[in-house]
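Undergrad: What follows is a single structure, and I will ask about it in a moment.
The values are calculated or read from the model by the stated rules, or taken from the named source; none is laboratory data. Being a predicted model, the structure only gives us computed values, none of them experimental. A quick note on method: Cβ atoms are made from the backbone with ideal geometry, for glycine too, and the neighbour counts reach across all protein chains shown.
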Amino acid sequence: MTNLHKLNLKKEANIEYCDIRETHNALMGEWNRINLQISKMKQPKLFLLGYKKRLQDLGRELIILQKDFLSWNAKAGSFLDKPHFIFTENEGELGFIHYTSLLMDIRNKLDNYMVLIGTNYNNLQDFYSNRVNFIIAITSFLLTFAGLVATLIALNL
């Protein structure tokens with residue numbers, strides 16, 4: 001038979017831990033918003049009008065998110081180095097293990113999510129660079145071909 005334990009972490013007694021969790025939730029909300037913008041950003045076929053500006057705006061938002069994440073990660077890391085919780089008498093060990101493991105898990109997940117959003121953004125940057133290079137190559141080819149035709153016409157006259 002399994003015993004069910006109900007853990008109750010009181011916010012007023014564990015302010016630092018609850019603050020770390022609330023900041024995590026805010027960071028995840030911001031991460032979701034930015035990643036959704038990255039996912040919905042349409043990649044133009046030929047004309048890149050406004051694409052670079054939207055990319056730069058997303059880049060600025062990512063820089064702010066990265067700074068906030070690093071600050072949160074340092075705070076969560078220092079808490080995990082010396083965790084301190086206040087529980088009732090009968091839930092101390094179990095609560096300590098549960099909430100410490102939970103914080104380690106969300107810290108690792110958010111770290112992975114930050115890598116993912118960086119990769120998604122870099123893919124958009126690479127697309128933009130490749131598209132610009134393609135347009136330059138096509139333009140160069142057309143101008144070279146036009147120059148060749150003009151030269152051949154001039155030589156025949």
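Undergrad: Report, by residue number, each residue of segment 108-123 that is in contact (Cβ under 8 Å) with a residue 60 or more places away in the chain and over 10 Å from the mean Cα position of the chain (by Cα). Step through it out loud before you land on a result.
TA: We begin by selecting, within segment 108-123, every residue in contact (Cβ under 8 Å) with a residue 60 or more places away in the chain; these are 110, 113-114, 116-117, 120-121.
Matches in segment 108-123: none.
Undergrad: Looking only at segment 80-118, which residues are modelled with pLDDT under 80 and assigned to a helix (DSSP H, G or I)?
TA: Within segment 80-118, 89, 90, 91, 92, 93, 94, 95 qualify.
Undergrad: While we're on this one: Restricting attention to segment 29-43, does a residue exist that is touching a residue at least 24 places away in the same chain (Cβ under 8 Å) and charged (D, E, K, R)?
TA: The answer is yes; a qualifying residue exists.
Undergrad: Determine which member of the set 57, 68, 126 is under 25 Å from residue 19 (Cβ atoms), assigned to a helix (DSSP H, G or I) and either out of contact with any strand residue (DSSP E or B) (no Cβ under 7 Å at 6 or more places or on another chain) or in contact (Cβ under 8 Å) with a residue 24 or more places away in the chain (or both).
TA: Details: 57 fails: under 25 Å from residue 19 (Cβ atoms); 126 fails: under 25 Å from residue 19 (Cβ atoms).
It is 68.
Undergrad: Consider residue 41 carefully, then state whether it is surrounded by 12 or more Cβ atoms within 10 Å (Cβ to Cβ), more than 27 Å from residue 132 (Cα to Cα), aliphatic (A, V, I, L, M) and in contact with a helix residue (DSSP H, G or I) (Cβ under 8 Å, 6 or more places away or on another chain).
TA: Details: surrounded by 12 or more Cβ atoms within 10 Å (Cβ to Cβ): yes; more than 27 Å from residue 132 (Cα to Cα): no; aliphatic (A, V, I, L, M): yes; in contact with a helix residue (DSSP H, G or I) (Cβ under 8 Å, 6 or more places away or on another chain): yes.
Against the criterion (surrounded by 12 or more Cβ atoms within 10 Å (Cβ to Cβ), more than 27 Å from residue 132 (Cα to Cα), aliphatic (A, V, I, L, M) and in contact with a helix residue (DSSP H, G or I) (Cβ under 8 Å, 6 or more places away or on another chain)), residue 41 does not qualify.
Undergrad: Tell me, please, whether a residue that is in contact (Cβ under 8 Å) with a residue 24 or more places away in the chain, surrounded by 13 or more Cβ atoms within 10 Å (Cβ to Cβ) and of a type in the set (Val, Ile, Thr) can be found in segment 93-102.
TA: So the first thing to find is which residues in segment 93-102 are in contact (Cβ under 8 Å) with a residue 24 or more places away in the chain, and the list is 94-95, 98-99.
Next, only the ones that are surrounded by 13 or more Cβ atoms within 10 Å (Cβ to Cβ) stay: 95, 98-99.
Remaining after also requiring of a type in the set (Val, Ile, Thr): none.
Looking through segment 93-102, none of the residues is in contact (Cβ under 8 Å) with a residue 24 or more places away in the chain, surrounded by 13 or more Cβ atoms within 10 Å (Cβ to Cβ) and of a type in the set (Val, Ile, Thr).
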